[in-house]
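Quick notes on the structure that follows.
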Amino acid sequence: MDPFDTEDELVQLNDNHPAHGAWLSVQVSPTSATTTVGSVGNEAYDPGEVHTTYKDRRLEITKSTDMKKLETFFGLELETDLTKLPTKAEHNPIAWPSSYWPVYADSINYRWQKGQPSPAEKYAKAFGHDPVALMDAISKKNGVDSQTARTNCTADAVCKALNDGSVCAKRNGKTSGYCIPTWFGICHAWAPASILEAEPACAVERNGTKFEPYDIKALLTLAYDGSKIPTIFTGSRFNGNDKAPNSTDSYGRFTDDRRRDISPGYFHIAVSNVMGRFNHSFVVDITAGNEVWNQPARSFEILKLAWMTPDAAAKKFFEVEKYPFNDAATKIAVVTTRFSWIVESGVNGPLVSTGIVDKFTTSADYQYLLETDNDYQILGGEWLSGSKANHPDFMWLPASKPDNSTTTSVGLVYAEIESLLDESVSGECATSGSA
């Protein structure tokens, strides 16, 4: 099983959550989700420890800890008979695209619309908050000022030597800042918000301030970052060094189990049950490396499924006579699954109801073996070809929306933001609409 499995069913979405959209200074698991994690300087970066207990991808799987978490959440038993599982599904309503509000752009302090205030400035003005204090708090928690432990800079050239994708990030009006990797952001908040909240449809006015749909999405996203909602986290995060040597065994599998991520057996069971049987979406870190890109799932479809004997699979895919991974397997299914997810967007306005969401949907075809017994119960599996390295790192689900009484640490009041959303989706919109 995964080295960071835990019996804890709910993990609070906070700065130490395994899905957090930045480097973590320790190898974080759900069991260490309350550990204090500060800003990480390049020089102090710790790739984490190597675990030696996870030797193969067999599920010892059928009632693995991750599967039990899902069964507890849904109150239903997961189907593990491959012949009875759905072969395709799309979650409706589709999650809405938006920004991950990157740290280097100072989060929702960013003025995305030329000549207009940022979402943070609009919120402060409309609801009577101090705009300077709010923007400073946002920057310190989610923006440029959250990374003061990183290298000081005045230009991008200073950051190139770090070789970590950093740019010189400066707050508006400042001449100096810090080298911050461009992937740092709050995708861990956008993804669950886009699943649980309705998409803003049009612009609304509040106390003389106009909020575009993109502004409302920004506020919802940051509210989710600070609301500490409960989540169900499965799999394990790779928090190591992508540039370190990645040794593989004789079958082409990573020997460092931090690179093992979720198994294809669990992936197939989870996706086909959660989306296909329960019509529920979830979040995946779509990259197996140390960057975290949380994306809301949209659909899956089994493109190919062919049966083989274990020994035939051993010869075809691993060039050995006997199937080496699971003696309990009596049948092997060779599977290609097309998995689709929503990506980030800088486009304002409703994207789901207009069909524009299709432009912000991408997919990957994952190839893998599924091991079954004589009754077609999935026992485990192996990734094949390019999918050995390129497959989701972890999967998780938001368990609920924020409590309506929530006020985040930076000062966002969830009920105020929800009132904007309710007005936007009800049709009681500003006459000028959205642009």
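Specify which of the listed residues (427, 380, 411) is of a type outside the set (Val, Ile, Thr), surrounded by 14 or more Cβ atoms within 10 Å (Cβ to Cβ) and over 30 Å from residue 146 (Cα atoms). Please lay out each step first, then the result.
Working: 427 fails: surrounded by 14 or more Cβ atoms within 10 Å (Cβ to Cβ); 411 fails: over 30 Å from residue 146 (Cα atoms).
Every option except 380 fails the conditions.
Return the only residue of 180, 138 being β-branched (Val, Ile, Thr), under 24 Å from the mean Cα position of the chain (by Cα) and closer than 17 Å to residue 408 by Cα. Before the answer, list the steps.
Details: 180 fails: closer than 17 Å to residue 408 by Cα.
Just a single option satisfies the conditions, and that option is 138.
Given the structure, is residue 342 surrounded by 15 or more Cβ atoms within 10 Å (Cβ to Cβ) and either in contact (Cβ under 8 Å) with a residue 60 or more places away in the chain or of a type in the set (D, E, K, R) (or both)? Full working, then the answer.
Details: surrounded by 15 or more Cβ atoms within 10 Å (Cβ to Cβ): yes; either in contact (Cβ under 8 Å) with a residue 60 or more places away in the chain or of a type in the set (D, E, K, R) (or both): yes.
Here the answer is yes, as residue 342 does meet what is asked.
For region 358-365, indicate whether the set of residues that are modelled with pLDDT of 95 or more, in contact with a Lys or Arg (Cβ under 9 Å, 6 or more places away or on another chain) and either crowded, with 21+ Cβ neighbours inside 10 Å or more than 16 Å from residue 339 (Cα to Cα) (or both) is non-empty.
Scanning region 358-365 turns up no residue that is modelled with pLDDT of 95 or more, in contact with a Lys or Arg (Cβ under 9 Å, 6 or more places away or on another chain) and either crowded, with 21+ Cβ neighbours inside 10 Å or more than 16 Å from residue 339 (Cα to Cα) (or both).
Please find, among 390, 374, the residue that is modelled with pLDDT under 95 and either surrounded by fewer than 20 Cβ atoms within 10 Å (Cβ to Cβ) or farther than 16 Å from residue 306 by Cα (or both). It would help to see each step written out before you state the result.
Details: 374 fails: modelled with pLDDT under 95.
Exactly one of 390, 374 is modelled with pLDDT under 95 and either surrounded by fewer than 20 Cβ atoms within 10 Å (Cβ to Cβ) or farther than 16 Å from residue 306 by Cα (or both), namely 390.
If I filter region 393-424 down to residues being over 22 Å from residue 124 (Cα atoms) and either in contact with a Lys or Arg (Cβ under 7 Å, 6 or more places away or on another chain) or of a type outside the set (Lys, Arg) (or both), which single residue comes out as modelled with the lowest pLDDT?
Out of the qualifying residues, it is 393.
Before we move on, is residue 333 part of a strand (DSSP E or B), at pLDDT 95 or above, surrounded by fewer than 21 Cβ atoms within 10 Å (Cβ to Cβ) and among the small types (Gly, Ala, Ser)?
On the way: part of a strand (DSSP E or B): yes; at pLDDT 95 or above: yes; surrounded by fewer than 21 Cβ atoms within 10 Å (Cβ to Cβ): no; among the small types (Gly, Ala, Ser): yes.
Answer is no for this residue.
The values are calculated or read from the model by the stated rules, or taken from the named source; none is laboratory data. The structure presented is a predicted model; accordingly, all values stated were derived computationally and were not measured. Don't worry about glycine lacking a Cβ; one is built from the backbone with ideal geometry, like all the others, and counts go over all protein chains shown.
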